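Note sheet for the following structure.
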Amino acid sequence: MKPWMNTTMDTNQRVKELLTAMTLDDKLALMHGGTPSEEWGIPTLKLNDGPGGVTGPHERVGTQLPAPIALGAAFDDEASHRYGEIIGKEAQDRGTSLLLGPTVNIARTPLNGRTFEGYGEDPLLSAVTGTAVIQGIQEQGVMTCVKHYAANNQEEDRMVQNSIIDERTLREIYLPAFEAAVKEGKAASIMSSYNKINGTYGSENHALLTQVLRDNWAFDGFVVSDFLATQSTVRSIYAGLDYELTIPFKRYYGEPLKAAVESGQVPVKMIDESAGRILRKMFEFGLFDKGQMNEKSSDAGSLRHEKDALRLAEESIVLLKNDDAMLPLASSGSIAVIGQAAVNLIASGGGSAHVPCSDILTPLQAIRSHAGTAGKISYAPGTAPVPTGPSFIYPSPNAAHTIPAEAFENGLQMEGYLSADLSGETVHKQVLPTLHLNWQFDGVPHTASAKWTGTLLPQETADYTFYMPASGGTRLFIDGELVIDNWNFRSLYVTGVKRLEAGSRVSVEVHYRSNNGEAAALPSIALQWYAGTDENRMEEAAAAAAEADAAVVFVNDYMTENFDKPDLRLPGAQDRLIEAVAAANPNTVVVLNTGGPVAMPWLSKVKAVVEAWYPGQQGGEAIANVLFGDTNPSGHLPVSFPESEEQGPIMTKGQYPGIGLDTVYSEKLDVGYRWFAAAGEKPLFPFGHGLSYTSFGYGDLRIEQINHAGMPCLQVAFEIVNEGPRDGKAVPQLYLQFPAAAGEPPLQLKGFAKVMVPAGQTAQAVMRLNPRAFSIWSTAQNKWTVPEGEFTVLIGESSEQIVRKASIVPATEFAKAAENCESVLHGLKRHTKEF
């Protein structure tokens, strides 16, 4: 038997024995996704994306969970742990050994296209949620790769953008969730980000990968680059990058790294350290001992997981507004269901976080099922479908609106170029029957542009609305007229209207270029149309609403990796649709199917607003359960909802998207609700906000100092009374106000709980604060310190609705213990009860 296969041997010794036997080529293969020699018995490291579930195509479709932002809205570490368990079990079922997720980046700007992939704007909420997810996944024997380290907060120019950020802000806002993932989640690996941090790419950032991650946090796992994020060979290996994730596009490790070793630029010892870190985790997770995992039966896609997906969606839905107790709806009345989102739910966001799923129950179907024979349900689409795709991989699923092949005289002539402006040599030619495709020229990522030309033969005279869901910039010319201009790509949804005459021959020319000139592996585009305009559909929707007791308008906003949002408006004509319906029926409810904040210019004209996020495959049922009162909503906002993109801490181009490639984090610690508290401004809806069908009262605070896990802690206890008619879950949030001299934002979340309280009864909430909760990062001393002075403990139902507060001065031992306090979670631990 090979000595490293001895399961009684110490893990470090097993790694040493194997490294001694391996060749340099085998070690390098391990470090860039290759296959070492079978002689050593090293299992293949199988990777899969997985921020919100197991992504990518599979023979057996798994469970589509709510998006991570929805999980953040649950404010529930038990729900987060179960979320991780489901992902871990389904990853193992597919033979996955390394799951690329979760994402714990902070939502700095609501325009970020990946807001839905993270857990919100607060470091503690992200740390608690992410840590529980990591634990749930890794308990199933699957390694996690926590991403994107660090300060990866926008998609515009994401491959080259430079985040300029001071050390204190980095430590207090953008690193705590990663620190918790390492220290308390015990994450097997960390993924470095595309962007630069203070002038150095994440994949070659020695300060982050070695000094902070390994020296400060004692991280013993391995560091993985994002796809195509490695920028160098020698600088990256010296910085601490262990694994180049560029499959199948190997660039800097492999042969280039071998050449660097042979020339003496990189010592073999450094290769042994990186390969050893990967092998150590493979041994610890039992990959050698249980053999290469094969696909096998488990709970993947099972009824149990579907039920959990339903509960998770219900826990996350946020009731934002409910004037005159408009909700819950009566199942016996007449309801006009309005909006394409009612039949075309965005259950999962795009990009590497997209989770494929089989057929799901739509909100319209679920509402009809709840109403049964007692209710009268009508439906009107209201507008044309807004895109629910594509991402950089998946084309738009709205194939029904793609211009059919028979509408073209002889198809479309395609010409492709390896440039961003249709210039240079034509490298690809093809005749297509219609335009709805992914394509690649030679199997590798590159800057690309393409042109399609053809003749359209309309069969009826009408005003036609055209739109082109695409993964990059587009232009549409009809008879030489520019009808759609999205060449600089600032929106997934741009339409154009052109009147066409039946029997005419109409020239069509479509242009495409990869997003902002960025290299793309799989560009995608569709040319779609429909006869008529949104105004026609809105008139029909308003008429249906006028005849009903209540109107429920579903609206959506698709978000995906690669693209930021141009603004916070709902795409297409959806804002105008809500206005039209509300004018026709005062009892209007709006359901938001979004991945983050949106503006609501119509807010004062509707009775109720529900934020459903991207709720996963059981989202339709979960929404109906909340609308009809079968479920009492308990979700709370993990992000502030500003009035518009012009309100909030990001006020200048230098802050976002940046000047040149530099993005300056000049708002420093004032991120999200911290800025609103410091500026004295009110957002549309504050962080932590969420209504219920019942109401809660709070008792006085009981504060005492205790010792917990060998560390001085402050314990805060109080009673919660359910003063309403329904059982419900309260979500008390504990905030701290620091002494003025500390230079901190006026409000910071330091604890939270989710407490079930039966109607008319009382429950107790207990939260603990360890020295880290009272600490700030001292750049002068390079450590956590507790400032002197008086702190204020505040309990709120949101960051704005404070219900109890008390002043305290931490004991001297808090300051002494701060430097050695490892718990980022402030003593909050996962409970033993089952979700």
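The values are calculated or read from the model by the stated rules, or taken from the named source; none is laboratory data. Remember, it's a predicted structure, so these values are computed and weren't measured experimentally. Backbone-built Cβ (ideal geometry, glycine too); neighbour counts: all protein chains shown.
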- prompt: Would you say Val581 is buried (at least 24 other Cβ atoms within 10 Å of the Cβ) and free of Cβ contacts under 8 Å to residues at least 40 places away in the same chain?
  reply: no
message: Would you confirm whether or not the range 710-730 contains a residue that is loosely packed, with under 15 Cβ neighbours inside 10 Å and at pLDDT below 95?
response: yes
- prompt: On the given criteria, is Val337 at pLDDT 95 or above and either not in a helix (DSSP H, G or I) or not basic (Lys, Arg) (or both)?
  reply: yes
query: On the given criteria, is Arg114 under 20 Å from Lys307 (Cβ atoms) and in contact (Cβ under 8 Å) with a residue 40 or more places away in the chain?
result: no
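Okay, residues lined up against (1) buried (at least 24 other Cβ atoms within 10 Å of the Cβ); (2) farther than 21 Å from Asp567 by Cα; (3) aromatic (Phe, Trp, Tyr):
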| site | (1), (2), (3) |
| --- | --- |
| Gly596 | yes, no, no |
| Trp602 | no, no, yes |
| Lys605 | no, yes, no |
| Ala608 | yes, yes, no |
| Tyr614 | yes, no, yes |
| Ile623 | yes, yes, no |
| Leu627 | yes, yes, no |
Residue tally, condition among the aromatic types (Phe, Trp, Tyr) and outside any strand (DSSP E or B), over the range 196-230: 3
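Conditions (1) among the aliphatic types (A, V, I, L, M); (2) modelled with pLDDT of 90 or more, marked per residue:
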| position | (1), (2) |
| --- | --- |
| Thr453 | no, yes |
| Phe477 | no, yes |
| Glu501 | no, yes |
| Ser507 | no, yes |
| Val510 | yes, yes |
| Asn515 | no, no |
| Ala526 | yes, no |
| Trp529 | no, no |
field: Among the residues listed as Thr44, Thr55, the single one being touching a His at 6+ places or on another chain (Cβ under 7 Å) and either in contact (Cβ under 8 Å) with a residue 60 or more places away in the chain or in a helix (DSSP H, G or I) (or both)
entry: Thr55
message: Restricting to the range 242-288, count the residues that are surrounded by 22 or more Cβ atoms within 10 Å (Cβ to Cβ), more than 19 Å from Leu99 (Cβ to Cβ) and in contact with a Ser or Thr (Cβ under 8 Å, 6 or more places away or on another chain).
response: 3
message: Checking the structure you have, find out if any residue of the range 774-784 is of a type in the set (S, T, N, Q) and in contact with a strand residue (DSSP E or B) (Cβ under 7 Å, 6 or more places away or on another chain).
response: yes
- prompt: Listed residues Gly660, Gly680; which is at pLDDT below 95, out of contact with any Ser or Thr (no Cβ under 9 Å at 6 or more places or on another chain), surrounded by fewer than 20 Cβ atoms within 10 Å (Cβ to Cβ) and over 21 Å from Val318 (Cβ atoms)?
  reply: Gly660
query: Quick one: Asn216 ticks every box in (1) touching a residue at least 24 places away in the same chain (Cβ under 8 Å); (2) more than 29 Å from Ser316 (Cα to Cα) bar one, so which box is it?
result: (1)
- request: For Ile377, work out the one condition from (1) modelled with pLDDT under 90; (2) touching a strand residue (DSSP E or B) at 6+ places or on another chain (Cβ under 9 Å) it doesn't fulfil.
  value: (1)
message: From the list Gly130, Gly141, Gly136, exactly one residue is of a type in the set (Gly, Ala, Ser) and on the phi > 0 side of the Ramachandran plot. Which is it?
response: Gly141
- prompt: Filter the range 29-42 for residues that are crowded, with 16+ Cβ neighbours inside 10 Å and not aromatic (Phe, Trp, Tyr); which is modelled with the lowest pLDDT?
  reply: Gly34
field: Residues located in the range 368-378, provided they are assigned to a loop (DSSP other than H, G, I, E, B) and surrounded by fewer than 16 Cβ atoms within 10 Å (Cβ to Cβ)
entry: Gly372, Thr373, Ala374
field: Which numbered condition Arg772 fails, given (1) surrounded by fewer than 16 Cβ atoms within 10 Å (Cβ to Cβ); (2) assigned to a helix (DSSP H, G or I)
entry: (1)
- prompt: Quick one: is Glu155 of a type in the set (Asp, Glu) and out of contact with any helix residue (DSSP H, G or I) (no Cβ under 8 Å at 6 or more places or on another chain)?
  reply: yes
message: Can you tell me which of (1) under 18 Å from Gln617 (Cα atoms); (2) modelled with pLDDT under 95; (3) in contact with a Ser or Thr (Cβ under 8 Å, 6 or more places away or on another chain) is the one Ala67 doesn't meet?
response: (2)
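For every residue, the table says whether it meets (1) touching a strand residue (DSSP E or B) at 6+ places or on another chain (Cβ under 7 Å); (2) crowded, with 20+ Cβ neighbours inside 10 Å; (3) modelled with pLDDT of 90 or more.
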{"position": "Ser352", "(1), (2), (3)": "yes, yes, no"}
{"position": "Ala366", "(1), (2), (3)": "no, yes, yes"}
{"position": "Pro390", "(1), (2), (3)": "yes, yes, no"}
{"position": "Glu406", "(1), (2), (3)": "no, no, yes"}
{"position": "Tyr417", "(1), (2), (3)": "yes, yes, no"}
{"position": "Leu435", "(1), (2), (3)": "yes, yes, no"}
